[in-house]
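Nothing in this text is a laboratory measurement; each read-out follows from the coordinates by a stated rule. Note that the structure is predicted; figures quoted are calculated from it, not measured. Using ideal geometry, Cβ is built from the backbone for each residue, glycine included, and neighbour counts are taken over all protein chains shown.
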Amino acid sequence: MSDFLSKILKQKRREIGAASRKVPEAILRHEAEKLNGKRSLFYRLASPGPFGMNVIAEIKRASPSKGPIREGIDPKLYAETYQRGGAAAISVLTESEFFNGSRDDLRSVRGVASVPVLRKDFIVSTYQVYESAVIGADAVLLIVRALSPEFLRELISICESVALDSLVEVHNSGELETAMSAGARLIGINNRDLATFRTDIQTSIDLARLVGEEHVLVSESGISGRNDIVKLLDSGIFNFLIGETLMRSEDPELHLKSLLGAMP
């Protein structure tokens, strides 16, 4: 199969070039460094929530492998619904070409959210980190496979300088070692292979054995029901990023409560 990630990153670099000609990075950096009041995703996920786990509920309009998931949504309404359902944080997929997201989606969510907001995108530039802070993100996703080890370390440091948490995403043991060596504290284990978009929650179970208590883990992708969550809880993981199953649900608030085990 073709490598989806390579296509996405190529498009992303073109977009950043165009954006930086309109708003130079120096301006974004100056604005980002003046901001305060960020909510810490790391500390929100450092211990289990009221039901023994935490869910980062995601707003995701489409995917390159499955096409449209839920079109014509109001991100504010979803954010409010997720919070009523017990979400510990909200992830907003802002990539436009392949996932139909936008920076405006994140701005809308930030306007109503009382929980940390994660910008989920394909970060390949310092420009995007400063931009993320300016549009209201509390944290950003950094994908190990998309970055050199040296640049990953630099981006983690820049995130810290503008009070952003970084969720550093890995898919295998080599990427996990790279993330830990770069100083990542919050590590997302993506059960989806970004080359093929196939998913297997066993990925999280296997990698969790290699991580010490000083790191906070998040299992991402392929979590469709309570049975998946129970398996992952048994492996010691209590944080989950869940998007597609919630977006496809006719009652995302009720579905989220069922995933949390909050139903009577």
- If one computes the Cα centroid of the stretch 232-262 and of the stretch 103-177, what distance in Å separates the two points? 22
- For a paramagnetic label modelled at 7 Å from the Cα of E250 toward its Cβ, which residues of the stretch 86-130 fall within the zone defined by backbone nitrogen distances under 19 Å? none
- For the stretch 41-178, what is the largest minus smallest coordinate of the Cα atoms on each principal axis, given in angstrom and ordered from greatest to least? 39, 36, 29
- Message: Run through the stretch 174-264 and list the GluC sites (Glu not before Pro) located in a DSSP loop whose Cβ has at most 16 other Cβ atoms within 10 Å.
- Response: E213, E214, E250
- If you add up the charges near R70, with Lys and Arg at +1 and Asp and Glu at -1, over every other residue whose beta carbon is less than 15 angstrom from its beta carbon, what do you get? -3
- Summed side-chain charge close to V140 - residues other than V140 whose Cβ falls under 11 Å, Lys, Arg +1, Asp, Glu -1: -3
- Find, among the trypsin sites (Lys or Arg not before Pro) in the stretch 88-183, those assigned to loop by DSSP (not H, G, I, E, B) with at most 13 other beta-carbon atoms within 10 angstrom. none
- Note on the structure: Options [x] 81, 48, 36; [y] 40, 39, 37; [z] 53, 40, 39 are given for Cα extents along the principal axes in Å, and the computed one is [z]
- Item | Computed FRET value (nearest 0.05) for Q11 with N36, which takes r as the C-beta separation and R₀ as 45 Å | 0.85
- Task: Identify the trypsin sites (Lys or Arg not before Pro) of the stretch 1-70 meeting these criteria: DSSP loop state and at most 13 other C-beta atoms within 10 Å of the C-beta.
- Result: K66
- Lys, Arg +1 and Asp, Glu -1 on Cβ, resulting dipole of the stretch 157-264 about Cα centre, debye, nearest 20: 200
- Message: Out of all DSSP beta bridges in the stretch 1-146, what portion is antiparallel? Express it as a percent rounded to 5.
- Response: 15
- Message: Tell me which of Q202, F99, A146 sits at the most positive position along the dipole axis of the chain, charges placed on C-beta atoms (Lys, Arg +1; Asp, Glu -1).
- Response: F99
- Given a cut-off of under 8 Å on Cα pairs at least six residues apart, what relative contact order in percent is computed for the chain? 22
- Dipole of the stretch 4-260, positive end: most advanced residue of H30, S20, I189 [Cβ charges, Cα centre]: S20
- Item | GNM flexibility winner over the chain from A62, A133, A19 (Cα, springs under 10 Å) | A19
- Count the net charge of all other residues whose Cβ sits under 13 Å from the Cβ of G183, scoring Lys and Arg as +1 and Asp and Glu as -1. -4
- Task: State the antiparallel share, in %, of DSSP beta bridges confined to the stretch 4-260, rounding to the nearest 5.
- Result: 10
- Query: Mind checking the dipole of the stretch 4-260: about its Cα centre, +1 per Lys or Arg Cβ, -1 per Asp or Glu Cβ, Debye to the nearest 20?
  - Reply: 520
- Does the stretch 112-209 classify as rounded, prolate or oblate by the C-alpha gyration tensor (a ≥ b ≥ c root eigenvalues; a/c under 1.5 gives rounded; else a/b over b/c gives prolate, otherwise oblate)? prolate
- Task: Give the residue from A62, G86, P50 lying farthest towards the positive end of the charge dipole for the chain; charges sit on Cβ (+1 for Lys and Arg, -1 for Asp and Glu) and the dipole is referred to the Cα centre.
- Result: A62
- Note on the structure: Ranked by GNM mean-square fluctuation in the chain (Cα springs under 10 Å), the top entry among S181, S114, S157 is S181
- Compare E58, E150, E131 in a GNM of the chain, Cα atoms joined below 10 Å, and give the one with the largest fluctuation. E150
